[in-house]
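Visitor: Sharing a structure with you now.
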Amino acid sequence: MSVHIVPRKIYFSVFAALLVLTGTTVFAATIPFGRMNDVVAMTIAVTKMMLVLLFFMHVRYSSRLIWVIVASMFFWLLILLLLTLTDYSSRSWFGPTVIT
Amino acid sequence: MLLTQVSVPQVSVPFSPEQASTFAPHVDALYAYLLLITIFFSTLITLLLVVFAVKYRRRQPDEVPRPISGSMVLELTWTIVPLLIAMTIFVWGASTYFKAYRVPHQAMEVYVVAKQWMWKFQHQTGQREINELHVPVGARVKLTMTTEDVIHSLYVPAFRIKQDVVPGRYTQLWFEATKTGSYYLFCAEYCGTNHSGMGGHVIVMEPTAYEQWLAGGAGAESAAAQGQKLFQERGCASCHQTDPAGQQGRGPTLYGLFGKQQAIEGDGTVAVDESYIRESILDPQAKLALGFQPIMPTFRNQVNEEQILQLIAYIRSLGQPQGGESGGTAQGGGGTTTGPTTGGASPTTERSNPLAPTSPRQGNPSPQLPPRVGQGGAANANRRQ
Amino acid sequence: MSNELTATDARAHEWRSRFPTVNYLNADYGIKSWLLTKDHKRIALLYLVSVTFFFLIGGAYAGAIRLELLTPQGDLVQSQTYNKLFTHHGIMMVFFFLIPSIPATLGNFLVPMMIGAKDLAFPRINLLSWYIYMLGGVLTFSALLFGGVDTGWTFYVPYSTNFSNTYVVLAGLGIFINGFSSILTGLNFIVTIHTMRAPGMTWFRLPLFIWSHYATSLIFILGTPVIAITILLIALERLAHVGIFDPALGGDPVLFQHMFWFYSHPAVYIMILPAMGVVSELIATHTRKPIFGYSFVAFSSLAIAIFGFLVWGHHLFVSSQSVYAGMIFSLISFVVAIPSAVKVFNWTATMYKGSISYDTPMLYAFAFIGLFTIGGMTGVMLAALGFDVHVTDTYFVVAHFHYIMVGGAMMGYLGGLHNWWPKITGRMYPEGWGRFAALVVFVGFNLTFFPQFLLGYMGMPRRYHAYPADVPLWQVLHVMSTAGASILGIGLLIPGVYFLWSMRYGRFAPANPWPATGLEWRTPSPPPTENFAVTPVVTWEAYEYRPVEEMRVIGPGESAEQAAGVQPPLDRAET
Amino acid sequence: MATNAEAIEQGHAPESAHTALAHQFDNLEQQREAGTLGMWVFIAQEVMFFGGLFLAYLIYRMKYPDAFMAASNHLNWTIGTFNTAVLITSSLTMALAVWATQAGRAPKVQVAFMLATVLLGLTFLSVKAYEYHEKYTDGLIPVAGWFNPNREILSHIPANVTLGQYQMFFWLYFAMTGLHALHMIVGVGIITPIIFWAWRGRYTPEYHAPVENFGLYWHFVDIIWIFLFPLLYLLGAHFGKH
């Protein structure tokens, strides 16, 4: 397997996209969407992350194994966050044991 | 889903502590089921190991047996069968758990404050105890617990109940003792140097004996009365009206507030329960009642956990009908204005209800419990929200 | 200096006269050659020595605990001392013995050999991880010596952050550092297994030992960092008191428990998975049969590693966690029991119509299966919510996890050590003593821990320095347990003695004494530095017993073996 | 990062690719594959390491949304945006450095890109240091006894937010950005010898694993910041309020 050389043009395009997205996220933060602000900010952040992962970190051109590793680290991070959330989000459903 | 609706086979498992609560037979029955499964599988495996080890022992030093690679049927069998058995255990275990933590509507309230290394109990009638808890047999007792320092865990083996006591919040536990006697009470969560010394007894008494015991502590003010005193001392009354007829003060009128839904600044409402009152004393602006100024100072470090519980007892007593609904009910304006209560229920009114001994004692744990608002699922559905 | 050289030369001469081939033990001499080695086999031995050291310390603490509990009154030591004893026992055994035991010794030694590689992918990182382990161990051990820690190995807040007056930060720092040793070992294994397999060594030809180590490495990589950051936060909270878990400042102590058990529950699988891998090897070798349902056993390792991450909340059933979260965690806990059950059934099925030997490793494998079944089934019991309320934080839990960790992981470790001892040292251990010790360990273990199940259901809370004297049977059961612990202690010392003895006086081991099918047996005992004279090419399936000619040592090493008077395996094979 | 150190040290002479082959590998391709895989596994580990802090952030953010919003308003979003741009640019130069070695460009080119990366990284760190100092002068260091926000800040804290909750944001801010900054400092430490070897012409299209793996590490650090920036600096519609 020879190394896949990513053309510089792609790097510059990704870079430009990242800067634009940074601007967008700053701008979006000024508009009061309520809870949606977080969703917007995180969507943009995930997009930026995907750009860095796929192009700067060459995941797009990498073996399936690398894809699996990338997928599993997000999977495990989600386990940590979501399963802990099952506790915090359902605590008030049952008894009056609300935290001060 | 209620304890009463499932009849429990009376099993007595060897090497188990006395069964002294309505919950204990449930746990023991589950234990018996689990033991049965465990013994079955352990024996099966051990038996197979021994039989194979003897029957197929190496007879020639150089023998090579015929390889057997596997069997899909067998694999599926011993994947699916254990899974199904496990699911039955899950359902049984979860429903038992649900019962244990589904605090009943009406119960005798006891406040518990844990600290290194003692348990402090306060009855609504004002009696305070350390490391000993006297309760009447056949009555439901609800413990509202917190701690002044580290995490502790209240554990009564004879009742098969346990609940961690966590700083900064209230946890609740309930039981109904079925047998008179004295039972060990332990701290089950490691809490420091004298952890193993942090225990005592739960003393379950006949209701009459319990009444006598209560009377023996004559002169003790009820928790609510103690709370009322505090309420005056700390100047709460200068802002919070406790009389329904009075003028609304700078803070919300507390009469009849407990158990209601309170609209708060920002969005939504909050159920006025123990936790909310505690929060409002320590951190008054966290959920500010709608229409009031954020002017109340925090009472953090000015009142301790026991005093907060007394204040709660007092606020709760305001506007409560005679010893009526003590559980926080929000539905249908429950707990609003019935009965001409003035501040601070007298010990007798507080005492009379939860003690009504309705279940025959000694060994028959399941039957009648104190009257409740609804039955079964209806009662559950009504409980909160 | 010159004297030393001569002594070294003499020893070298002696070795070479016994082992005509140069092997990893005699390839180089002197302390420096060990402390700077990059050979995975030598690093495994470094680990073996240090793990044993920490085990002895942890064992001494256990002995003191058992002695104290002989009587209901706390009369042997003060309660504060007792609290330190069980804390030290837990920290030493969990972080410095059980977690690194099999992966870092047997795993380090065998993973490259079993897949036909010359070494791990990153030999320097491998050595580095041993140094990190030692640094962590020394820091934690010094914390224990300076005055100790009394928080329990679980470090629950707010006791550990705001109340304990002991060396929490120093001990925590040691555990934090030690975590990176685990991470690097896991990283090395994963990369090695992916990239360094010999030609023909496909995934489904891998020994199950490799599968289980791969699964273990996953947990190392994905779980350990979380405990690292958690311990860091504890240290931060102690030093700066920023209110991370302090309710007075808005923190939540239960969050700590989530973060702690996110690692510490999978850590249990770190301990048991490698032992399962060992047992798969032992059973295949000592019944001379391929493992029944190979792919099910292989994938069950991965299933355990993955599902093991989803069940941590079952440690929080009474901790004021939401009831609904409790139900989710309970449900998944039952699911994670299934792959373990599948393994047990498959091992048992493997013995059917096998040629079962009663050699010491097999005795430990028997013990493992039986004890692990009990440990696993009681684990299933504990996952049942309503039941757990009563027995959590009692001796029932203590007995359960000792059945898994001592009855499971420890038995696997001992069985593995016996099985590969000939390969590691080139010497046989004394078989008679081995069987005797296995029996003593088995009896002592059960006598120690079975009474604790009964104690637990009767309500004896764990971490109690003194217990009520008037509860019938409690003291009787505690005395039984202490008696068992003494037997267990003796049983564990016997192998220590004869292993040392065998290194000098043991019978020389052939390349493949049992015989077994793995690649590690197709190179001389002890193996040369780069494991194989020529890179092996694998043309057979896992655990495929072959005619003699094909099971011989690969490459030119064979003749040297024969020169050393070693019999080829299965002389008259194929009955 | 240790993977890099490992890869760097393997082999001692810069002259040819072959000398970079470590004894345990059969060929450079296998070695490169192992190195890359090792780096990815290491990054997976790093994700979980930061994961603990993200979890704490998530839980406390959910519990105290108002406190977090108020505290976030105190951070300087302009500086944050500038730093984000700086870090993204450094990722670009690093990607170009990898490209330069892969494409076999002259050592001078490789070194130029790497030096640019280092300089941008240092810029980021200096700005971060300035921000920390600003927090220090404002009394926002979340250490018991030190946390003492000035009157102006106190006046901006809403009534329903306690000081403890406000402090909660700041320990998370310092822990998360501090750990991130630490990773950058380590990164600068690792790239220094790589620059040296690049200058000596060690990296060719055949052998450039250290550069490549360091690139992965550097981009990962960038990704962490991509999340930290909105989570810490951009909570709520706060520009209108100032």
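Read-outs throughout are calculated quantities, based only on the coordinates presented, and are distinct from any laboratory measurement. This is a predicted model, so every value here is computed, not measured. Note that we place each Cβ from the backbone using ideal geometry, even for glycine, and neighbour counts take in every protein chain shown.
Visitor: Mind computing the radius of gyration and Dmax over the alpha-carbon atoms of segment B:156-305? Å is fine for both.
Guide: Radius of gyration, then largest Cα-Cα span, for segment B:156-305: 19.8, 53 Å.
Visitor: Grab chain C and count how many Lys pairs have their alpha-carbon atoms under 13 Å apart, sequence gap of 8 or more, or different chains. Working shown, then result.
Guide: Numbers: C:38/C:118; C:41/C:118; C:41/C:423; C:289/C:353.
For chain C, qualifying lysine pairs total 4.
Visitor: Write down Rg/Rh for segment C:33-574, rounded to two decimals, with Rg from the C-alpha atoms and Rh from the Kirkwood relation over Cα pairs. Don't jump to the answer; show the numbers that get you there.
Guide: Values: Rg = 23.1 Å, Rh = 23.8 Å.
Reported Rg/Rh, Kirkwood definition of Rh: 0.97.
Visitor: Follow-up. Do the alpha carbons of any pairs in B:120/B:142; A:48/D:128; B:287/D:128 sit beyond 25 Å of each other, and which pairs?
Guide: B:287/D:128
Visitor: With point charges of +1 on the Cβ of Lys and Arg and -1 on the Cβ of Asp and Glu, referenced to the Cα centre of the protein assembly as shown, which listed residue (B:271, B:236, A:7) lies farthest in the positive direction of the dipole?
Guide: About the Cα centre, the residue reaching furthest to the positive side is A:7.
Visitor: Can you pull a Stokes-Einstein diffusion coefficient for segment C:390-449 at 20 °C (1.002 mPa s), Rh from Kirkwood over Cα pairs, as a whole number of µm²/s?
Guide: My calculation gives 164 µm²/s for D.
Visitor: Also, I was wondering about something else. Once you average over the residues of C:364-371, how many Cβ atoms of partner chains fall within 10 Å of each Cβ? Could the numbers behind the result be given before it?
Guide: Numbers: counts 0, 1, 5, 1, 0, 4, 5, 1.
Neighbouring Cβ atoms belonging to other protein chains average 2 per residue here.
Visitor: Could I ask something else about it? Treating the angle as unsigned and between 0 and 90°, give the value, to the nearest 10°, between the Cα long axis of helix C:360-383 and the longest Cα principal axis of chain C.
Guide: Long axis of C:360-383 versus the principal axis of chain C: about 30 degrees.
Visitor: While we're on this one: For chain D, list the DSSP H helices whose alpha carbon atoms reach 18 Å or more along the long axis and whose average Kyte-Doolittle value is 0.0 or above? Mind dumping the intermediate values first?
Guide: Numbers: long enough: D:28-63 (52 Å, 0.53); D:77-102 (37 Å, 0.99); D:107-137 (44 Å, 0.47); D:163-199 (53 Å, 1.22); D:209-228 (29 Å, 1.04).
Helices passing the filter in chain D: D:28-63, D:77-102, D:107-137, D:163-199, D:209-228.
Visitor: If you don't mind, there's one more thing I want to ask. Under a no-solvent Debye model with one identical scatterer per Cα of segment C:92-137, what's log10 I(q)/I(0) at q = 0.19 Å⁻¹?
Guide: The Cα Debye sum returns log10 ratios of -0.64.
Visitor: Once you put a point 7 Å from the Cα of residue C:473 and another 7 Å from the Cα of residue B:68, both along the Cβ direction, what distance in nm separates them?
Guide: Between residue C:473 and residue B:68, the simple spin-label model gives 3.9 nm.
Visitor: Could I ask something else about it? Where a ≥ b ≥ c are the square roots of the eigenvalues of the C-alpha gyration tensor, would you call the protein assembly as shown rounded, which needs a/c under 1.5, or, failing that, prolate if a/b is larger than b/c, or oblate? Don't skip to the end; give the middle numbers.
Guide: Values: a/c = 2.26, a/b = 1.33, b/c = 1.71.
It comes out oblate by the Cα gyration axes.
Visitor: Kindly state, to the nearest 0.05, the FRET efficiency for residue B:209 paired with residue B:129, given R0 = 25 Å and r defined as their beta-carbon distance.
Guide: Values: r = 15 Å, r/R0 = 0.62.
Working from the Cβ atoms, E equals 0.95.
Visitor: Right, another one. Based only on other Cβ atoms within 10 Å, what is the fewest-to-most ordering of D:61, A:60?
Guide: Numbers: D:61 19, A:60 14.
Taking fewest neighbouring Cβ atoms as first place, the list is A:60, D:61.
Visitor: Please say if segment B:258-309 is rounded, prolate or oblate, where rounded means a/c under 1.5 for a ≥ b ≥ c the square roots of the C-alpha gyration tensor eigenvalues, and otherwise the choice is prolate for a/b larger than b/c and oblate otherwise?
Guide: Values: a/c = 2.97, a/b = 1.42, b/c = 2.10.
Because a/c hits 1.5 or more and a/b fails to exceed b/c, segment B:258-309 counts as oblate.
Visitor: Mind sorting D:146, C:261 by how few other Cβ atoms lie within 10 Å of their own Cβ, fewest first? Don't skip to the answer; put the middle values down first.
Guide: Working: D:146 12, C:261 23.
Neighbour counts put them in this order, fewest first: D:146, C:261.
Visitor: Next question. How far apart, in nm, are two points set 7 Å out from the Cα along the Cα-to-Cβ line at residue C:540 and at residue A:33?
Guide: Roughly 6.3 nm, to one decimal.
Visitor: Just to verify a number: FRET efficiency for residue C:239 and residue C:52, C-beta to C-beta distance, R0 = 35 Å, to 0.05?
Guide: On the way: r = 34 Å, r/R0 = 0.97.
Plugging the Cβ-Cβ distance into 1/(1 + (r/R0)^6) gives 0.55.
Visitor: Can you check how the C-alpha radius of gyration of segment D:40-234 compares to 2.2 N^0.38 Å, as a plain ratio? Display every interim value, and only then the final one.
Guide: Details: Rg = 19.3 Å, N = 195, 2.2 N^0.38 = 16.3 Å.
In units of the globular-protein estimate, segment D:40-234 measures up at 1.18.
Visitor: Write out the trypsin sites (Lys or Arg not before Pro) in segment B:230-280 meeting two conditions: DSSP loop, and at most 14 other Cβ atoms within 10 Å of their Cβ.
Guide: Within segment B:230-280, the qualifying trypsin sites (Lys or Arg not before Pro) (loop, at most 14 other Cβ atoms within 10 Å) are B:250.
Visitor: What percentages, rounded to whole numbers, describe P(r) for segment C:187-308 computed over all alpha carbon pairs with 10 Å bin width beginning at zero?
Guide: Bins of 10 Å from zero give 12, 33, 25, 15, 10, 4, 0 percent of pairs.
Visitor: Quick one: C:395, D:130, fewest Cβ neighbours within 10 Å first, how do they rank?
Guide: Details: C:395 30, D:130 13.
Ascending number of Cβ neighbours within 10 Å: D:130, C:395.
Visitor: Any chance you could get the radius of gyration and Dmax over the Cα atoms of chain A, in Å?
Guide: 19.0, 63
Visitor: If you don't mind, another one. Express the C-alpha Rg of segment B:43-92 as a ratio against the empirical globular expectation 2.2 N^0.38 Å, rounded to two decimals. Mind dumping the intermediate values first?
Guide: Working: Rg = 16.4 Å, N = 50, 2.2 N^0.38 = 9.7 Å.
Rg over 2.2 N^0.38 Å, computed on Cα atoms: 1.68.
Visitor: Mind giving me the FRET efficiency for residue D:143 and residue B:304? R0 is 22 Å, r the Cβ-Cβ distance, nearest 0.05 is fine. Don't skip to the end; give the middle numbers.
Guide: Working: r = 27 Å, r/R0 = 1.22.
The formula returns an efficiency of 0.25 here.
Visitor: Once you charge only the Cβ atoms, +1 for Lys and Arg and -1 for Asp and Glu, what is the size of the charge dipole of segment A:8-94 about its Cα centre, to the nearest 20 debye? Numbers along the way, then the final one.
Guide: Working: 7 positive and 2 negative charges, 71 e Å.
In total the dipole reaches around 340 debye.
Visitor: Also, quick follow-up: Report, to the nearest 10°, how far helix C:168-195 tilts away from the longest principal axis of the Cα atoms in chain C, using its own Cα long axis and a range of 0 to 90°.
Guide: Long axis of C:168-195 versus the principal axis of chain C: about 40 degrees.
Visitor: Cα axis of helix A:64-94 to longest principal axis of chain A: angle in degrees, 0 to 90, nearest 10?
Guide: 10
Visitor: Considering segment C:400-514, what Rg and Dmax in Å follow from its alpha-carbon atoms?
Guide: 18.0, 60
Visitor: Just going by the charge dipole of the protein assembly as shown, with Lys and Arg at +1 and Asp and Glu at -1 on Cβ, which of B:205, B:291, D:174 is farthest out on the positive end?
Guide: Going by the charge dipole, the pick is D:174.
Visitor: If you place +1 on the Cβ of every Lys and Arg and -1 on the Cβ of every Asp and Glu, how big does the dipole about the Cα centre of chain C come out, in debye to the nearest 20? Before the final figure, lay out each step's value.
Guide: Numbers: 29 positive and 28 negative charges, 151 e Å.
Result for chain C is approximately 720 debye, rounded to the nearest 20.
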